[in-house]
Amino acid sequence: MNTKRDLARRAAGALVALAVGLGTWALLNLSDLRAKFGARALVAAQSADDRTRCAADLVALGEPGVRKLVALAAEGPAEARAAAASALERHLNDLPDNDAKAHAVAAAVFDAFATAQPEGKAALLRLVPGVLARTGNTHAPKCRAAALDGLALPDAAARLAALRLAIHPDIKLRAEAVPLLSATEPEVRAAALFAVATATDGDVLLTEDELFRWLHDADAGVRRVCRDALLARDRTASEIELARRLTSPEPNDRLKLLLDLRYDDDVSDPEPWLERLSRDPEPGVRAGAARVAAELALAKQVPCPAWVGRVADTDPHPTVRSVAGYYRSRPNSAPPAVRPVVGP
């Protein structure tokens, strides 16, 4: 009997010890448990308001809740992922500069980014501007790596986020944005053109002649960005119009431009535009450029531009070489005007 009593007593003691241990563990891990259940509630929420509330509750739990939000932003269902990213954005915006919590968020974000799928990376990219704003350049190398990865993501919104980061002075990815100038999405092309054409670090990523191409983009927003970039380079509105006509995809438009450069006085110095037209893909335009340049030089009694000789000697089309050679060989000065004889 004593043996049974002892066994019962020991069993009861073990149960008490287990209960105490479990209670202690629960108390010590209460925040983690609440974060776990809060994450489940966010995933199960049926409305945007409920998801916003659940995400805010997770933020209020501190570090455990923030870790769950980062995990959901990286790997959760689409609606939960968006709610988690939005809550983390607000959390970063509410923190003071260089706050330890901001650095903790940054560490969690970049740990998750390394293994996230494209959809998760797109969501986490939304947090990088807040990380830069709150932590300075402490995490700049990881921010730059994330932005570089984002430039190649399939999601247009993610590439736009990466392009906004590309122009940040601590990121400097303008050159890497060049391939996105050919993106199918007009909003991505516009953002890429802004990033590339407005470089301020001394590197000219697009010359003016290269920039003229986007004056003919199918999207009005892209054309507007191109025009603004040219204005920022001190091009006048009339020069931009000339550039638009110069790069028109229609050869007839470029031929008409030759006539205007020859006979209109609106362009003070037509020679640089004629030189550009001497490199036109259309042989007739190249020949016309050489002729107009030679005729204007003759009218002004100045030497024929040297590039007319280049066209005469090296143009791939024999007729263009012949025309340029003829006008190059003409005298450089006009004959004296005929004066009538006036009697006494």
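The values are calculated or read from the model by the stated rules, or taken from the named source; none is laboratory data. Computed from a predicted model, the values in this text were never measured in an experiment. So basically every Cβ, Gly included, is an ideal-geometry build from the backbone, and we count neighbours across all protein chains shown. Just the protein is used for accessible areas: all its heavy atoms, side chains included, with ligands, DNA and RNA removed. Shrake-Rupley method; radii C 1.70, N 1.55, O 1.52, S 1.80 Å.
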request  = Please give the length that would be gained between THR52 and LEU259 if that part of the chain were fully extended, namely 0.36 nm times their separation in residues minus their C-alpha to C-alpha distance (nm, one decimal).
outcome  = 68.1 nm
task = May I ask you to derive the FRET efficiency for HIS216 and ARG40 from their Cβ-Cβ distance with R0 = 56 Å, giving the value to the nearest 0.05?
result = 0.55
inquiry  = Need one number: nm distance between label points at ASP99 and ALA175, each 7 Å from Cα along Cα→Cβ, rounded to one decimal.
reply    = 3.8
query = In the neighborhood of GLY136, defined by Cβ-to-Cβ distances under 12 Å, what is the net charge if each Lys or Arg adds +1 and each Asp or Glu adds -1?
reply = -2
query = Which lysines does LYS300 reach when only Cα atoms under 29 Å apart count, and residues fewer than 8 places away in its own chain are ignored?
reply = LYS256
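Give the accessible surface of region 196-309 per residue, rounded to a whole number of Å², with probe radius 1.4 Å and ligands, DNA and RNA excluded.
Numbers: 5940 Å² over 114 residues.
Solvent-accessible surface per residue comes out at 52 Å².
If a helix is a whole DSSP H run, which ones in the chain reach 30 Å or further along their own axis (Cα) and hold a mean Kyte-Doolittle hydropathy of at least -1.0?
Membrane-span-like by this criterion, though nothing is claimed about a membrane: 2-28.
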inquiry  = Given a 1.4 angstrom probe, what's the average accessible area per residue across region 23-165, in square angstrom?
reply    = 49
task = Run the quick spin-label model on ASN252 and GLU185: label points 7 Å from Cα toward the beta carbon, then report their separation in nm to one decimal.
result = 3.8
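Ignoring ligands, DNA and RNA, please state the percent of accessible area on the chain from carbon and sulfur, probe 1.4 Å. Before the final figure, lay out each step's value.
Details: 10730 of 19100 Å².
With neighbouring chains kept in place, the figure for the chain is 56 percent.
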task = Go through region 264-278 residue by residue and turn each phi into a ³J(HN,Hα) via Karplus (6.51, -1.76, 1.60, θ = phi - 60°); whole Hz please, and just put x for glycine and proline.
result = 8, 9, 6, 9, 5, 9, x, 4, x, 6, 5, 4, 4, 5, 6
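For region 93-216, what's the relative contact order in percent, using C-alpha pairs closer than 8 Å and at least 6 residues apart?
Numbers: 135 pairs, mean separation 21.6, N = 124.
Contact order relative to length: 17 percent.
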Partners for LYS36 among lysines (Cα-Cα distance below 25 Å; same-chain residues under 8 apart left out) = LYS68, LYS101, LYS121
key: Relative contact order of the chain, pairs being alpha-carbon contacts under 8 Å that are 6 or more residues apart, as %   = 7
note = Over all viewing directions the Cα convex hull of region 91-180 casts an average projected area in nm² of 5.2
ask   = In the set [x] 216; [y] 262; [z] 121, which value of volume of the Cα convex hull per residue in Å³ was calculated from the structure you see?
value = [x]
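Quick check: residue separation of ASP209 and ARG90 times 0.36 nm, minus the Cα distance between them. What number comes out in nm? Before the final figure, lay out the partial values.
Values: separation 119, 0.36 × 119 = 42.84 nm, distance 4.33 nm.
Stretched out fully, the ASP209 to ARG90 stretch lengthens by 38.5 nm.
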